[in-house]
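Trainee: There's a structure below that I have some questions on.
None of the figures in this text is laboratory data; all of them are computed from the coordinates on show. Quantities reported herein were computed from a predicted structural model and do not represent experimental measurements.
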Ligand SMILES: Nc1ncnc2c1ncn2[C@@H]1O[C@H](COP(=O)(O)OP(=O)(O)OP(=O)(O)O)[C@@H](O)[C@H]1O
């Protein structure tokens with residue numbers, strides 16, 4: 001069952017088209033990544049999914065319900081972690097957690113809350129305004145979890161978290177996913193997206209430029225590195241090498257075709273090469289390939 005359905009959604013700020021005809025679907029239980037460079041339209045898209053801002057066009061369904069018609073009903077079933085966490089600074093953490101539960105008309109599972117606070121090393125007596133950036137983020141994470149949401153939407157959730165807290169957060173998220181919770185993660189930390197997401201949507205200048213199944217994506221494209229005094233760049237380009245980068249004594253390129261042809265060409269050149277390595281393309285390579293040469297880049 002789809003948990004998020006975006007159909008040709010767009011958002012204009014005056015004349016500026018921040019999100020342009022974006023459509024995709026997130027299925028129940030998926031760990032879904034949403035990535036793109038700064039200003040690509042990620043937060044704007046999430047703000048429309050959450051009905052924090054009105055869309056200019058298109059249709060949105062969350063948990064099978066039309067947004068904004070079922071706004072409150074849908075919001076009660078979502079946990080949200082904003083990139084910039086803002087709560088009333090005078091409130092103590094324990095009160096923030098209580099107010100979150102009140103909003104959801106829930107008492108909350110005290111043992112579970114204690115476990116989260118313990119895992120994230122949270123002092124519930126402290127005032128929110130006195131917390132560090134990472135500790136503020138942890139409060140937002142706990143508030144996004146305590147009401148047992150069916151969908152968790154996170155905008156840069158690990159910004160400010162130390163590596164231990166980072167690992168603990170993803171342990172909790174994996175547990176949630178096993179229970180059938182859907183996780184929508186927008187992050188510039190490509191390693192975490194690669195480690196945890198199974199599907200990724202790529203956005204650029206407001207437009208969706210691809211949706212990839214991560215397991216397929218990484219196997220499909222190989223990254224080849226050649227070392228040697230005379231590098232056969234022209235021959236490689238002729239047999240289908242792309243994104244060729246050459247530095248002194250080293251050439252690196254992407255290769256999507258049949259490896260047999262590559263290896264047979266390289267074996268004829270073996271005397272001029274010192275080393276050849278073949279690896280699966282990782283998400284960072286994919287990101288660089290997709291975004292390095294943006295046409296009409298907007299700033
Ligand atoms: N309220 C607004 N008024 C005018 N322009 C806006 C508004 N909100 C966002 N924008 C613009 O829309 C574009 C998309 O912004 P958005 O915050 O969605 O990007 P993002 O992909 O989340 O970027 P980042 O990775 O830097 O957080 C940007 O050019 C931004 O300046």
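Trainee: In whole Å, what are the extents of the chain along the principal axes defined by its C-alpha atoms, from largest to smallest?
Mentor: If we take the Cα atoms of the chain, the spans are 72, 42, 35 Å.
Trainee: With angles folded into 0 to 90 degrees, how steeply does helix 110-119 sit against the dominant principal axis of the chain? Use alpha carbons for both and round to 10.
Mentor: The answer is roughly 40 degrees.
Trainee: When the chain is treated as a GNM, springs tying every alpha-carbon pair under 10 Å, which of 74, 276, 193 comes out with the largest mean-square fluctuation?
Mentor: Checking each option, the largest mean-square fluctuation is seen for 276.
Trainee: Given region 222-280, report the % of alpha carbon pairs whose separation exceeds 15 Å.
Mentor: 39
Trainee: Next question. Angle, helix 163-178 long axis vs. longest principal axis of the chain, Cα atoms, 0 to 90°, nearest 10?
Mentor: In the chain, helix 163-178 runs at an angle near 80 degrees to the longest axis.
Trainee: Can you give me the relative contact order of region 222-280 as a percent, contacts being Cα pairs under 8 Å and 6 or more apart?
Mentor: 52
Trainee: How high is the relative contact order of the chain? Use alpha-carbon pairs under 8 Å, at least six apart in sequence, and give a whole percent.
Mentor: Dividing the mean separation by the residue count of the chain yields 20 percent.
Trainee: Round to the nearest 10 and give me the degree value, 0 to 90, for the angle of helix 93-103's Cα axis relative to the longest principal axis of the chain.
Mentor: 80
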